[in-house]
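Visitor: Take a look at the following structure, please.
The values are calculated or read from the model by the stated rules, or taken from the named source; none is laboratory data. Since we're looking at a predicted model, the values are computed, not measured. Cβ placement follows ideal geometry from the backbone for every residue including glycine, while neighbour counts extend to all protein chains displayed. Protein only, heavy atoms only, side chains kept; ligands, DNA and RNA dropped before computing areas. Shrake-Rupley method; radii C 1.70, N 1.55, O 1.52, S 1.80 Å.
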Amino acid sequence: MNAIGAILGDFLATLGRATLFLLQLLLAVPRALLRPRLLLRQIYMVGQLSLIIIVISGAFIGMVLALEGYRTLSNFGATSSLGILVALSVIRELGPVVTALLFAGRAGSALAAEIGLMRATDQLSGMEMMAVDPLAYVAAPRFLAGFIAMPLLASIFSVMAIGAAGGYFVGVIWLGVDPGAYWSQIHQGVEVLDIRQSLIKSLVFGATVSWIAVFQGYHSAPTSEGVSRATTSTVVMSSLAILALDFVLTAFMFSQ
Amino acid sequence: MNPVVTAMPNDQPGPALVQVRGLRFGYGRKLIFDGVDMDFARGRITAIMGPSGTGKTTLLRLIGGQWRPQAGGITFDGVDIHRQNRAGLYRLRKRMGMLFQNGALLTDLSVFENVAFPLREHTQLPESMIRDLVLLKLQAVGLRGARDLFPEELSGGMARRVALARAMALEPELVMYDEPFTGQDPISMGVLMRLVRTVNDALGLTSIVVSHDVVEVMSISDYVYVISGGKVIAQGEPDQVRQTSSERARQFLDGRPDGPVAFHYPAQSLAEDLGLEAA
C-alpha cells in the first residue's frame, strides 16, 4: 500500500514538474518563432528522421488491413466496400495512433537523447552562461517541430496505407476489387469531419510526444545512465499517453 | 575590518569585482560551503584550489547565478547576483565568460559558428564585422586555421581554446575557468597557462581559475584560495600560501596520501571486520 502511495506520489510530482515545464516552454515559444531557421531545421530533423519508417509502416498496415478486410467483407459479398473500410480505419484511428507510436520511438527518443547529451556535456549550462535561454534556443524549437511534423507524418502514413503502395495494391491490383468502387466509396464515405478529427488527434499526439521527449531530455541526470533512462521513459510514457489520449479523444468525438 | 580585504594586494582600484560573503550552500543534507568569504580583485587572476568534491565548480555556478545560495550572497560589481530577475541576471552574464571543463561547445556548430554564437545572439553587428571579430578571437587562441572544424574533430586542449575564444567574444569583464588544465598534455597545458595569463593582462580582465593542479595554478595566479570541508583553509599570494601552516592545506599542496583527509574511508577497525576480535 505504501509502495503504491510512493509510486503515485512520484508520478504526481513528475506530472507537476512536467506541467510547469510545459508552461515555461509555451512562454518560450514566441522567442523560438523569432528564429524561423532554427525551427525549420528542427522540423526537417524530426520529420526526416521518421519519414522512412512512417512510409514503410503505412504501406504494410494498409496491405494487412486490405487483406483482412477483404476476407471478412467477401463473406457478405461486400468487397466493393473495401476502400471505405481501409480509409476510415486508417484516417480515424491507425494513421494518428501508429504514426505517433512510431514517432515516439524514432524522433521522441532521439530528441530526448540529444537534449540529454547537451545537458550532460554542459552545452545547456554553457548557453545559460552566455545569457541565451536554452528553453528558447533548444527546447521550444524542438517541441514546436514535433507538434508541426506529426500531422504531416500522419497524413503521409494515411496516404501510403490507403494508396497504391498499401490498401489499393492488395485490394485492387492483387485481389481484384474494382478500382472505381474502391475510390468512389472512399470519396463518398470519408467526411471532412473524419479528416478534421484525425488532424486533431495527430496534433495532440505530436504535442504530447514532443513535450515528454523534451522534458525527459532537459531534466535527465547528466550521466550516460541518465540519458539512457530519459530515452527509455520517453518511449514508454509517450506510448502510454498516446493510447490513453486516443481513447479519451475518440470517446469525445464519438459523442459528437 | 574584514581580514580577507586586508590580505589583498592593495594596489588595485576600487573594491573587488566579485565579492562572496557568508556563503552557505549544500545539496540535500550535504553542506558544500559553510560561511565562505572571498574577494576576486579586478585585473587579477585568483585561483580556487582544493580537493575534488569541495565545491569548486559549484562556486562558479553560484557566481554565474545558475544556483542559489542558502545564505549569504555574491555581488558582481556591487550588484547582488541572486536578487536579479532573469533579464537582470542575463545582463550580468553578458559581462562574464565561463569556460567549462570540457569546453561545452555546441556540437552542431562549427568552430567559427561557436565563437560567433554569442555575437549573433546579443548584437546586431553586420556579418562582415562578426567575421572579423571571430577571426581575431580565434587568432588570439591560435586556432584561426581551425575555423571550419567541428567540435568532435578537436582535441581536448583545442576545444578549451575555442571555448576561451567564445567566452571572450562579448568582451567580458570576468572570465571563469573550470579546471582548465585537467587531462592536458604538457604542450597544451603550457599553451593554456600562457593564454590564461596573457588574455587576463592584455584585455584587463578579472579571472577566476578553479583547479587542483597545484604547481601550474600557483605559477600563474596572483592570489590563491584553498578550500576544503566547506571553508577557506588558506589564502594569500602564492608565496604566502606555500608557507601555510594549516595541516589540511599542507596535505593538499604537498599531495600527501594521508593526513587530515584520511586515506581510509571511515570504517570499523580491520580486526573487527575480519572477525579477529572476540565479541
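Visitor: For A:45, B:158, B:176, write out the residues from largest to smallest accessible area, computed with a 1.4 angstrom probe and no ligands counted.
Guide: A:45, B:158, B:176
Visitor: Separate question: In whole Hz, with x marking every Gly and Pro, tabulate ³J(HN,Hα) for the range B:117-122 from phi via Karplus 6.51 cos²θ - 1.76 cosθ + 1.60, θ = phi - 60°.
Guide: Karplus-based 3J(HN,Hα) across the range B:117-122 equals 3, x, 5, 5, 6, 10 Hz.
Visitor: For residue B:35, which sequence-distant residues (separation of 5 or more, or a different chain) have an amide H within less than 5 Å of its own amide H, given hydrogens modelled in the peptide plane?
Guide: Excluding prolines and chain starts, which carry no amide H, the hits are B:23, B:24, B:25.
Visitor: Sticking with this one: Given R₀ = 22 Å, what would the calculated FRET efficiency be for residue A:76 paired with residue A:169, taking r from the Cβ atoms and rounding to 0.05?
Guide: Details: r = 23 Å, r/R0 = 1.04.
About 0.45, to the nearest 0.05.
Visitor: Another question, then. On a 1.4 Å probe surface of the protein chains, which of B:27, B:265, B:177 comes out largest in accessible area, and what is the full order?
Guide: My answer, sorted largest first, is B:265, B:27, B:177.
Visitor: If you don't mind, there's one more thing I want to ask. Calculate, for the range A:115-239, the solvent-accessible area per residue in square angstrom, rolling a 1.4 angstrom probe over the heavy atoms of the protein chains.
Guide: With the other protein chains kept in place, the range A:115-239 gives 37 Å² per residue.
Visitor: Show me you know the interface measure: the accessible area buried between A and B, both chains summed, probe 1.4 Å, in Å² to the nearest 100.
Guide: Values: alone 13150 and 14150 Å², together 25490 Å².
Interface between A and B: roughly 1800 Å².
Visitor: Right, another one. Helix B:186-203: angle to the longest alpha-carbon principal axis of chain B, degrees 0 to 90, nearest 10?
Guide: 60 degrees
Visitor: Of all the accessible heavy-atom surface of the range A:2-254, with the other protein chains kept in place and a 1.4 Å probe, what percent is carbon and sulfur?
Guide: Values: 8560 of 11780 Å².
Carbon with sulfur: 73 percent of the solvent-accessible area.
Visitor: Using the Cα gyration tensor of the range A:2-254, with a ≥ b ≥ c the square roots of its eigenvalues, what is the shape: rounded (a/c below 1.5), prolate (a/b larger than b/c) or oblate (neither)?
Guide: Details: a/c = 2.55, a/b = 2.06, b/c = 1.23.
Judged from the Cα gyration tensor, the range A:2-254 comes out prolate (a/c at least 1.5, a/b above b/c).
Visitor: Can I ask one more? On full extension of the chain, what length is gained from residue B:68 through residue B:194, given 0.36 nm per residue of separation minus the C-alpha to C-alpha distance?
Guide: Working it through step by step, the gained length comes to 42.1 nm.
Visitor: Viscosity 0.692 mPa s, temperature 37 °C: Stokes-Einstein D of chain B from its Kirkwood Cα radius, in µm² per second?
Guide: 163 µm²/s
Visitor: Residue by residue through the range B:53-67, which ³J(HN,Hα) values in whole Hz follow from phi under the Karplus form 6.51 cos²θ - 1.76 cosθ + 1.60 (θ = phi - 60°), with glycine and proline marked x?
Guide: Per residue, the Karplus-derived 3J(HN,Hα) values read x, 8, x, 5, 5, 4, 4, 5, 5, 5, 5, x, x, 6, 10 Hz.
Visitor: Ordering A:246, A:10 by how much accessible area each has at a 1.4 Å probe, largest first, what is the list?
Guide: These residues rank, largest area first, as A:10, A:246.
Visitor: Then there is this: If R0 is 45 Å, what FRET efficiency do you get for residue B:215 and residue B:87 from their C-beta distance, rounded to 0.05? Display every interim value, and only then the final one.
Guide: Details: r = 42 Å, r/R0 = 0.94.
For R0 = 45 Å, the calculated efficiency reads 0.60.
Visitor: Checking the a/c ratio against 1.5 first, then a/b against b/c, what shape does the Cα gyration tensor give for the range A:1-150?
Guide: Prolate is the answer for the range A:1-150, as a/c is 1.5 or above and a/b outweighs b/c.
Visitor: I would also like to ask the following. Using a ≥ b ≥ c from the Cα gyration tensor of the protein assembly as shown (square roots of the eigenvalues), is it rounded, prolate or oblate, where a/c under 1.5 gives rounded and otherwise the larger of a/b and b/c decides, a/b for prolate?
Guide: prolate
Visitor: Provide the per-residue ³J(HN,Hα) series for the range A:95-102, in order, calculated from phi with Karplus coefficients 6.51, -1.76, 1.60 and θ = phi - 60°, each as a whole number of Hz, with x at glycine and proline positions.
Guide: Using θ = phi - 60°, the values come out as x, x, 5, 5, 4, 5, 5, 5 Hz.
Visitor: Which whole-number percent is the relative contact order of the range B:52-187 (Cα, under 8 Å, 6+ apart)? Write down the numbers at each step before the final one.
Guide: Values: 159 pairs, mean separation 44.6, N = 136.
Relative contact order here is 33 percent.
Visitor: Here's something else I'd like to know. If amide H atoms are built 1.01 Å from N in the plane of the peptide, which residues on other chains or at least 5 residues away come under 5 Å of the amide H of residue B:228?
Guide: Placed amide hydrogens put B:233 under 5 Å from residue B:228.
Visitor: Okay, helix-only estimate at 222 nm for chain A: each DSSP H run of n ≥ 4 adds -39500 (n - 2.57), divide by all residues, round to 500 deg cm²/dmol; what do you get?
Guide: -26500 deg cm²/dmol
Visitor: Of the beta bridges DSSP finds with both residues in the protein assembly as shown, what % are antiparallel, to the nearest 5?
Guide: Of those bridges, close to 55 percent are antiparallel.
Visitor: Check which residues have an amide H placed less than 5 Å from residue B:48's amide H, if you skip close sequence neighbours.
Guide: When sequence neighbours closer than 5 places are left aside, the close amide H contacts are B:209, B:210, B:211, B:225.
Visitor: Okay, which of the range B:50-69 sit inside 16 Å, backbone N to the point 7 Å along the Cα-Cβ direction of residue B:95?
Guide: Backbone N within reach: B:63-65.
Visitor: Provide, for the protein assembly as shown, the number of lysine pairs with alpha carbons under 28 Å apart, each pair being eight or more places apart or on different chains.
Guide: For the protein assembly as shown, qualifying lysine pairs total 6.
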